[in-house]
Every structure is written in C-alpha cells, then in structure tokens.
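What follows is a single structure, and I will ask about it in a moment.
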Amino acid sequence: MTAKPSLLVTRKLPDAVLERAARDYEARLNAEDKLYGPDEMIERAQGCDAILTCSPEKFTAEVIARLPASVRAVATFSVGTEHMDLEAARARGLVVTNPPDVLTDSTADITLLVLLGAARRAYEGQRMVREDKWFGWTPTQLLGVQVSGKRLGILGMGRIGLAVAKRARGFDMEIHYHNRNRLAPEIESGARYHAQAEAMLGHCDFLSINCPATPETHHFLDARRIALLPERAIVTNTARGAIVDDGALIAALKSGRLAAAGLDVFEGEPDIHPGYRDLPNVFILPHMGSATLETRNAMGFKCLDNLDAHFAGAEPPDRVA
Ligand code: DGY
C-alpha cells in the first residue's frame, strides 16, 4: 500500500470535509481553529505534500519562497485568490486550486439579503425591537426604499453577478452591468451592458459589487465614483472589502448622499473601519456569503477533489496556478 500524501489543513472545516481529508490523507488538523501566522503555518507544513488553506492566510511571494520544498500543491477554501501571489506560485511550480461555482448561490443569496436589509432599514428595525424602543406601528416609521422597479447595476457579471441578476429580476428590478467582456444575449437576458463602469454608475439606484479584488478594482468605489451615482443610491458589497474606499463610503452615508449600504466584506477585516460601527444606515454582516453547511461542505469537497486529482497525476479541474 502506498503512503497517503500528507496534508496540512490550516483551519477547522466542516466535519464531513475533515472526515474525508483524514480518510484520504495523513491530515494535520487544526482542532482549535487558530489562525496561523506565516511562521507557524510554515513550521506546521514541514514535511507536508500539500496545504488546504483559507483566505485569511496570506501566501505572499515571501511566504511561498519559504514553504517547505515538500509542499507541491495548495488548495484554497475560497473562490477569491487575492490572498495568494499566483505569479510567485507559478514561478515555484506550486499547483494552486480554488473551488469555483459551489458558492455562487449562497453568495448571491446574501447579496439580496444585504440589499434588502439596507433598503428596508432592517438594522434599525432590529435594534428598535431588541432594545425595547418600539412603541407600536406608525404610518411613517422606518420608511425605506422599495426595490421593485428600481435599477440595479452589477459590477462584475461572473457567476455570482449572474446569480444576483437572476434573483433581482424576481424583485422586478431592471438590470444593468459592467464586465470586462459583454455577455452573449442569451446570458444577458435583457440586462443592459455598459462598457465603462463609470457610464453605468448614473443608472444605479442600487450598485452591487460582485467583481474580484485586483489591482484594477482596488478602491474602485471612491469619492469620485460615488459622486456619479444617483442621489440616495444604495450600495452593496459581497465581493471584497478592498474594492471600496471606506472613508469615502462612510462620508457619503453620513451626509445622506447615499441612502444606505449593505456590506458583507471589509478591507482589513475583521478590523473594520470604525466609522461603520455606529452608522444606522449600514447593514453589515461578518463575511458570511458562503456560510451555509451545504456550501462549505461543497467547497471543502472541491478542494479535496482538486488535491486528489493532483496526487493521482492528473490536472486538477480548478487549477488557478
Ligand atoms: C470566497 O470563497 O472567496 C469567500 O469569500 C471566502 O473567502
């Protein structure tokens, strides 16, 4: 019998994923779910053939250069790969994979949750009830913004953007989008394409950010672009925090230039910009887009499918480097 490959699993994953990892690999687990810093991760990876990692762990060029020579593959438990220097991975001959597709629905669902939460002032309503400050129904209490008939601009019409559009159509929203490439008409399904993101902003009663974090999208939503949105627009971000300039967004939410925001992701999370914490018109969640048991199981299984393929001498289906 050949020895099983050894695998460092850096975080506590759902039970079914860990059971499969322990069945098929010499798995080094992290029962405490401690976030390893680079030194500890590298130390724990000594002698391992592969690492199953998550987005809070940074695989910078420096970390990749210091990985033990035995490590030949890294599967990240995230569709986003901005925490990894893929160029450095390629240069080292490191195989890197991610788990696309399986988190599309859950992330699109949470986008609609924060969109509706922001539009309908869900945080203020929750607080009123929980703090026992609700003194009964009144005709003008917590009036929000109706979504039906409104224009939704989607920045990044990949799998998740398309799933957001599908859901938003169910709320009778008119869909606009910007993407690097225009989609085929049957995929567009009537959505209006804007070749320039700035040209779309004036049509966004709601703006949904669904693009990856790249050097090009870093702080995309800054003061200049917020000024292009209609008065009292609503912004949602369920992609990556670094796409938004927090100072500019907070200023626009404070002044009322924007009506509200719904955010699941933050630059530097979990150390979010303190300005968000006491803003009543921001509906915030702690990066929960893919947090359903079904999705997290599927993400873990995809990571293991990719590693299994690598160790069977095949090309992993979701190789990104
Ligand atoms: C993803 O898969 O990118 C999620 O946001 C978790 O990092």
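List every residue whose amide H lies under 5 Å from the amide H of residue 59, counting only residues 5 or more places away in sequence or on a different chain, with H placed 1.01 Å from N in the peptide plane.
For residue 59, the qualifying residues are 84, 85.
Which residues does a label at residue 131 reach in the range 254-277, if reach means a backbone N under 14 Å from a point 7 Å past the Cα toward the Cβ?
277
Let me ask you something else. Name the helices (complete DSSP H segments) of the chain with a Cα length along the long axis of 18 Å or more and a Kyte-Doolittle mean of at least -0.5, or state none.
104-119, 293-311
State the antiparallel share, in %, of DSSP beta bridges confined to the chain, rounding to the nearest 5.
Given both bridge residues lie in the chain, the antiparallel proportion sits at roughly 5 percent.
Something else now. Assign unit charges at the C-beta atoms only (+1 for Lys and Arg, -1 for Asp and Glu), then state the dipole size of the range 135-213 relative to its Cα centre in Debye, rounded to the nearest 20.
In total the dipole reaches around 180 debye.
Could you order the peptides 164-175, 192-203 from most to least packed, using the average number of other C-beta atoms within 10 Å per residue?
Packing order, densest peptide first, comes out as 164-175, 192-203.
Can you compute the FRET efficiency between residue 148 and residue 222 using 1/(1 + (r/R0)^6), with r the Cβ-Cβ distance and R0 = 22 Å? Round to the nearest 0.05.
Calculated transfer efficiency: 0.15.
Right, here's the next one. Please give the contour-minus-distance gain from residue 22 to residue 92: 0.36 nm per residue of separation, less the Cα-Cα distance, rounded to one decimal in nm.
22.5 nm
With +1 on each Lys and Arg Cβ and -1 on each Asp and Glu Cβ, and nothing else charged, work out how big the dipole of the chain is about its Cα centre, in Debye to the nearest 20.
That gives a dipole near 620 debye.
Only the coordinates and a few stated rules stand behind these numbers; no lab work does. Keep in mind the model is a prediction, meaning the values are calculated, not measured. Note that each Cβ is placed from the backbone with ideal geometry, even for glycine, and that neighbours are counted across all protein chains shown.
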